Amino acid sequence: MDQFRYVIIGGGMAAASAAQGIREIDDEGTIAIISDDVDEPYTRPALSKRLWTDESFAESDNYFDTAEATGARISLRTEATEVDLEAKTVMTTIGSFGYDKLLFVTGGRPKGIDLDEGERVIYFREFADYRRLRELAGQNSSIAVIGGGFIGTELAAALVQNETRTTLVFDDETLGGSIFPPDLAEQFHELYRSHGVTLVPGTKASGGRTEGERVVLDYDGDSHEFDAVVVGLGIEPATQLAEDAGLDTDDGIIVDDFLRASQPDVFAAGDVARYPDRILGRQRVEHVDNATSMGTAVGRIMAGADESYTHTPYFYTNVFDFGYQAVGVLDPALRTVEDWQKPQTEGVVYYLGEDGRVRGVLMVNMEGRLDAAREVLAEDWAHSPGDLVNRIS
């Protein structure tokens with residue numbers, strides 16, 4: 001059994017940031033990263049954004065070079081199969097690892113439908129999925145995207161801009177209808193239609209099958225053929241290993257302000273961690289800002305820093321000429337206050353709870369206002385439209 005001061009289960013962005021955070025405090029402590037991925041840590045957002053739209057950004061630019069930067073030993077294609085918290089060991093498919101401090105950054109597994117993954121069916125999550133989809137895209141091929149959330153909309157935009165006949169199947173009646181107020185959702189919907197994406201709203205794909213070099217997808221009571229199907233329906237947090245070890249879980253691994261799990265010397269961060277946000281309350285966040293910020297923080301804390309995690313993360317998207325940044329809860333069922341500089345093109349949308357407090361802030365085609373948005377969210381009193389118009393913009 002190999003012994004390490006720090007063992008990290010998971011090889012994503014939070015793992016890379018945690019190793020960097022450790023090195024900010026501890027120059028010499030040994031670090032092991034156990035990853036079932038085939039690639040060393042890389043930036044996940046580029047898989048559905050920049051790698052498709054920026055010719056100057058190559059696949060080789062997408063890696064963190066974590067091993068070289070931190071001295072961590074990274075074991076790829078390796079599955080952690082059991083954690084013994086009393087013995088402080090992690091059993092894997094290549095042997096056992098002993099630890100002083102253990103970090104779970106296990107992320108999540110893509111949600112699925114009744115359609116087997118294969119060469120032409122991709123449940124999009126990893127760098128290998130990007131490479132496979134890139135080979136199938138272009139040359140006027142026909143690809144269906146399942147899901148109208150972040151991954152689905154970004155992939156549809158990426159594909160249609162790369163000579164691919166793209167169909168987007170989603171369950172909202174209007175694309176973006178689950179997060180945007182109606183007028184903005186209508187414009188977002190039309191943006192995709194105007195760029196040539198075939199939209200299939202109000203629809204859930206029930207399943208399908210692969211027939212030779214075609215994929216048959218079932219929806220709307222009929223079967224539809226495509227060259228490939230890519231599924232982007234979000235993830236389920238990968239908590240089974242933690243549960244089996246006896247850690248407290250509830251839609252993620254439960255951690256405190258110091259990102260400590262329910263047993264000594266065990267921590268969790270990134271997509272899998274359910275943590276107490278100082279503004280928004282306990283939540284689990286599946287976005288890059290949280291993965292990198294929380295990863296760095298937990299690395300520092302594991303290495304002895306006397307600090308807690310106080311960052312409220314933001315999330316963002318960029319598709320075609322439309323981009324936004326947001327903090328908090330985006331739910332059009334909440335009361336909204338819209339403050340547009342250019343209607344549905346540039347401005348701010350506030351989402352208010354029944355008590356009048358701001359629960360979410362959406363900034364469309366605006367940058368540099370995240371701290372102001374967090375300040376509004378932290379205010380523990382009722383807001384009127386007059387309090388909010390021109391507040392950030």
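The values are calculated or read from the model by the stated rules, or taken from the named source; none is laboratory data. In this text, all values refer to a predicted model and were calculated from it rather than measured experimentally. All Cβ positions, glycine included, derive from the backbone under ideal geometry; neighbour counts span all protein chains shown.
A few comments on the model shown:
- Residue check, VAL361 over 30 Å from GLY12 (Cβ atoms), assigned to a strand (DSSP E or B) and touching a Phe, Trp or Tyr at 6+ places or on another chain (Cβ under 8 Å): no
- Test for THR70: is it closer than 30 Å to TYR316 by Cβ, at pLDDT 95 or above and among the β-branched types (Val, Ile, Thr): yes
- Criterion: of a type in the set (D, E, K, R) and without any contact (Cβ under 8 Å) to a residue 24 or more places away in the chain - qualifying residue of ASP244, ASP248, ASP257: ASP248
- With respect to the conditions (1) surrounded by 14 or more Cβ atoms within 10 Å (Cβ to Cβ); (2) more than 22 Å from the chain's Cα centre (by Cα); (3) not acidic (Asp, Glu), GLY138 lacks only one, and its number is (1).
- Residue within the range 237-250 that is within 28 Å of VAL361 (Cβ to Cβ), among the hydrophobic types (A, V, I, L, M, F, W, C) and in contact with a strand residue (DSSP E or B) (Cβ under 6 Å, 6 or more places away or on another chain) present: no
- Only residues that are closer than 19 Å to SER223 by Cβ and either outside the structural domain of LEU133 (by TED's automatic domain parsing) or among the hydrophobic types (A, V, I, L, M, F, W, C) (or both) were counted in the range 161-175, giving 3.
- If you filter the range 39-54 down to residues that are over 17 Å from ILE151 (Cα atoms) and among the charged types (D, E, K, R), you find that the one that is surrounded by the fewest Cβ atoms within 10 Å (Cβ to Cβ) is ASP54.
- Residues satisfying the stated conditions in the range 342-354, i.e. at pLDDT below 95 and either in a strand (DSSP E or B) or touching a Phe, Trp or Tyr at 6+ places or on another chain (Cβ under 9 Å) (or both): LYS342, GLN344, THR345
- Some residue of the range 279-287 being over 28 Å from GLU379 (Cα atoms) and part of a loop (DSSP other than H, G, I, E, B): no
- When residues of the range 220-241 are limited to those that are in contact (Cβ under 8 Å) with a residue 12 or more places away in the chain and part of a loop (DSSP other than H, G, I, E, B), the one farthest from the chain's Cα centre (by Cα): ASP220
- Sole residue being at pLDDT 95 or above and over 30 Å from THR345 (Cβ atoms), chosen from ALA326, ALA297: ALA297
- The single condition among (1) of a type outside the set (Val, Ile, Thr); (2) surrounded by fewer than 23 Cβ atoms within 10 Å (Cβ to Cβ); (3) part of a loop (DSSP other than H, G, I, E, B) that GLN187 does not satisfy is (3).
The rows are residues; the columns are (1) assigned by TED's automatic domain parsing to the domain that holds VAL266; (2) under 20 Å from VAL216 (Cα atoms).
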position	(1), (2)
VAL90	yes, no
THR93	yes, no
SER96	yes, no
LYS101	yes, no
PHE104	yes, no
ASP116	no, yes
GLU126	no, no
LEU133	no, yes
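- Filter result (in contact with a strand residue (DSSP E or B) (Cβ under 8 Å, 6 or more places away or on another chain) and not in a loop (DSSP other than H, G, I, E, B)) within the range 371-393: ALA373, ARG374, VAL376, LEU377, PRO385, LEU388
- From the list PHE57, PHE104, PHE64, the lone residue that is under 22 Å from VAL266 (Cα atoms) and out of contact with any His (no Cβ under 9 Å at 6 or more places or on another chain) is PHE104.
- Test result for THR210, hydroxyl-bearing (Ser, Thr, Tyr) and either in a loop (DSSP other than H, G, I, E, B) or buried (at least 19 other Cβ atoms within 10 Å of the Cβ) (or both): no
- All positions within the range 190-200 that are part of a loop (DSSP other than H, G, I, E, B) and touching a Leu at 6+ places or on another chain (Cβ under 7 Å): VAL197
- Test: residue in the range 192-200 that is in contact with a helix residue (DSSP H, G or I) (Cβ under 8 Å, 6 or more places away or on another chain), among the aromatic types (Phe, Trp, Tyr) and under 20 Å from ARG50 (Cα atoms): yes
- Options GLY299, GLY323; residue that is under 25 Å from GLY149 (Cβ atoms) and either surrounded by 14 or more Cβ atoms within 10 Å (Cβ to Cβ) or out of contact with any strand residue (DSSP E or B) (no Cβ under 8 Å at 6 or more places or on another chain) (or both): GLY323
- Every residue from the range 338-387 that is in contact (Cβ under 8 Å) with a residue 60 or more places away in the chain and either hydrophobic (A, V, I, L, M, F, W, C) or touching a helix residue (DSSP H, G or I) at 6+ places or on another chain (Cβ under 6 Å) (or both): GLN344, VAL349, LEU362, VAL364, LEU377, ALA378
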